[in-house]
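Input: a single structure, listed below in structure tokens.
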Amino acid sequence: MLLSVSYNLRMTWYDNRLTYNNLKPLTRLNTVSQDQVELLWRPQVGFINTDDIEHTEVDKDAVTTVLRRDTNFIPDLSNAFEVEIYRGDANPVSTSRKYSTIFTCNFDLVLYPFDIQMCFMRLQILSASSEYLIFNATNSHVAYLGQKLLVEYGIGKIDLEVDDTKQYSEIRVQVELIRRYGYAMLNIYIPSLTLLTISFVTLFFRAPIFEVNFVCP
């Protein structure tokens with residue numbers, strides 16, 4: 001089975017090799033240009049349970065900013081202008097982009113149409129192994145903002161868990177899909193039962209009733 005999802009993915013990381021000049025308190029004022037983004041190191045995350053193993057992209061559709069988390073700065077005394085230098089290990093880089101991804105899921109249909117399915121969105125860091133780079137379980141979160149009732153399913157609990165025990169750190173977003181059995185009853189079982197009932201009832205009619213007589217002028 002396939003799960004098609006449109007979502008915004010935000011990744012935030014620290015890079016102690018960077019320094020920033022004159023960071024503003026408002027994050028939107030610290031937007032990084034596309035030319036500068038291409039010079040930055042950035043983590044790459046793969047969507048594991050997709051057909052082509054898609055991955056994150058930092059292109060013109062992505063918005064990259066610097067978050068001023070630390071108010072301490074170092075003044076640049078060598079510069080004639082007032083320049084405040086902020087450290088990269090205290091002020092993270094954040095990038096956000098919208099994705100539309102089709103994830104593959106394994107469904108157990110034994111209890112159909114009264115079943116509840118669990119589908120996963122698996123995101124894995126590809127840039128480095130878990131010895132060097134991992135997801136932060138404390139700051140990782142997920143929120144569903146769409147409609148709870150779909151055509152065939154209702155959206156139940158959505159949980160997120162981080163697994164750092166493998167070679168590459170991985171996040172699994174679990175989506176609970178509760179089947180709306182009324183849809184299956186109205187569109188599959190009741191029409192099928194109606195046809196079967198009509199077919200069965202015709203067995204009790206005499207054959208001449210179904211004969212067609214043509215009258216030609």
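The values are calculated or read from the model by the stated rules, or taken from the named source; none is laboratory data. These numbers come from a predicted model, not from an experiment. Every residue, glycine as well, gets a Cβ built from its backbone with ideal geometry; the counts of neighbours run over all protein chains shown.
Out of everything in segment 56-75 that is surrounded by fewer than 16 Cβ atoms within 10 Å (Cβ to Cβ) and touching a residue at least 40 places away in the same chain (Cβ under 8 Å), what residue ends up being farthest from Thr27 (Cα to Cα)? Per the stated criteria, the residue is Glu57. Within segment 79-105, being touching a Phe, Trp or Tyr at 6+ places or on another chain (Cβ under 9 Å), loosely packed, with under 14 Cβ neighbours inside 10 Å and not charged (D, E, K, R) holds for one residue alone: Ser100. Kindly check whether there is at least one residue in segment 109-118 that is more than 17 Å from the chain's Cα centre (by Cα), surrounded by 14 or more Cβ atoms within 10 Å (Cβ to Cβ) and not in a strand (DSSP E or B). Yes: segment 109-118 contains one or more residues that are more than 17 Å from the chain's Cα centre (by Cα), surrounded by 14 or more Cβ atoms within 10 Å (Cβ to Cβ) and not in a strand (DSSP E or B).
Here is a yes/no grid of residues against (1) assigned by TED's automatic domain parsing to the domain that holds Val142; (2) within 25 Å of Ala137 (Cβ to Cβ); (3) in a strand (DSSP E or B); (4) within 17 Å of the chain's Cα centre (by Cα):
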position: Asp15; (1), (2), (3), (4): no, yes, no, no
position: Tyr20; (1), (2), (3), (4): no, no, yes, no
position: Leu23; (1), (2), (3), (4): no, no, no, no
position: Gln36; (1), (2), (3), (4): no, no, no, no
position: Trp41; (1), (2), (3), (4): no, yes, no, no
position: Thr64; (1), (2), (3), (4): no, yes, yes, no
position: Thr71; (1), (2), (3), (4): no, no, no, no
position: Phe81; (1), (2), (3), (4): no, no, no, no
